[in-house]
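Here the structure is laid out as structure tokens; the discussion comes afterwards.
The values are calculated or read from the model by the stated rules, or taken from the named source; none is laboratory data. This one's a predicted model, so the numbers in the text were calculated from it and none came from an experiment. Using ideal geometry, Cβ is built from the backbone for each residue, glycine included, and neighbour counts are taken over all protein chains shown. Quick note on the areas: whole protein, heavy atoms, side chains included, nothing else; ligands and nucleic acids left out. Shrake-Rupley method; radii C 1.70, N 1.55, O 1.52, S 1.80 Å.
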Amino acid sequence: QVHLVESGGGLVQAGGSLRLSCAASGNIFSINAMAWHRQAPGKARELVAVITKGAITNYAGSVKGRFTISRDNAKNIVYLQMNSLKPEDTAVYYCAALKATDIYWGQGTQVTVSS
């Protein structure tokens, strides 16, 4: 079992920045990748960014160049630095831990970008 706790969400004006954190605990040794997803009201959950065990990253086209995913292996924390935020980035952001046959989710953190 993997336990994930997100933090860092909040209200920010368009053009501003936020950094989300995801602290992982439990059986973290076989995690292959960590990811951030988001879900806006009335929309499906979508992948925002992913970072593999080998530190390879990938981003959704809508956030590429504005968001950066990183990890601190010593602290078992994954970050999502979000810059140049837009109102359309408003959503609940979820951290996920990916194993070979399982995926674990955090409880989510709300990000609201005002215009």
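A few points about this structure:
- When +1 charges are put on Lys and Arg Cβ atoms and -1 charges on Asp and Glu Cβ atoms, the dipole computed for segment 56-115 relative to its Cα centre reaches about 140 debye.
- The lysines whose alpha-carbon is closer than 27 Å to the alpha-carbon of LYS99, local same-chain residues fewer than 8 away aside, are LYS43, LYS53, LYS64, LYS75.
- Toward the positive end of the charge dipole of the chain, with +1 on the Cβ of Lys and Arg and -1 on the Cβ of Asp and Glu, the farthest Cα among ILE31, ILE56, ILE69 is that of ILE56.
- Tensor-based shape of segment 1-69 (alpha-carbon gyration tensor, a/c under 1.5 rounded, otherwise prolate or oblate): prolate
- Taking Cα centre as origin and charging only the Cβ of basic (Lys, Arg, +1) and acidic (Asp, Glu, -1) residues, the dipole magnitude of the chain rounds to 160 debye.
- Taking amide hydrogens as placed 1.01 Å from N in the peptide plane, the amide H of GLY108 sits under 5 Å from those of GLU6, CYS95, each at least 5 positions away in sequence or on another chain.
- Averaged over residues, the count of other Cβ atoms within 10 Å places the peptides 95-105, 51-61, 80-90 in the sequence 80-90, 95-105, 51-61, highest first.
- When a 1.4 Å probe is rolled over the protein heavy atoms, the share of accessible surface on the chain that falls to carbon and sulfur comes to 52 percent.
- Solvent-accessible area per residue for the chain (1.4 angstrom probe, square angstrom): 52
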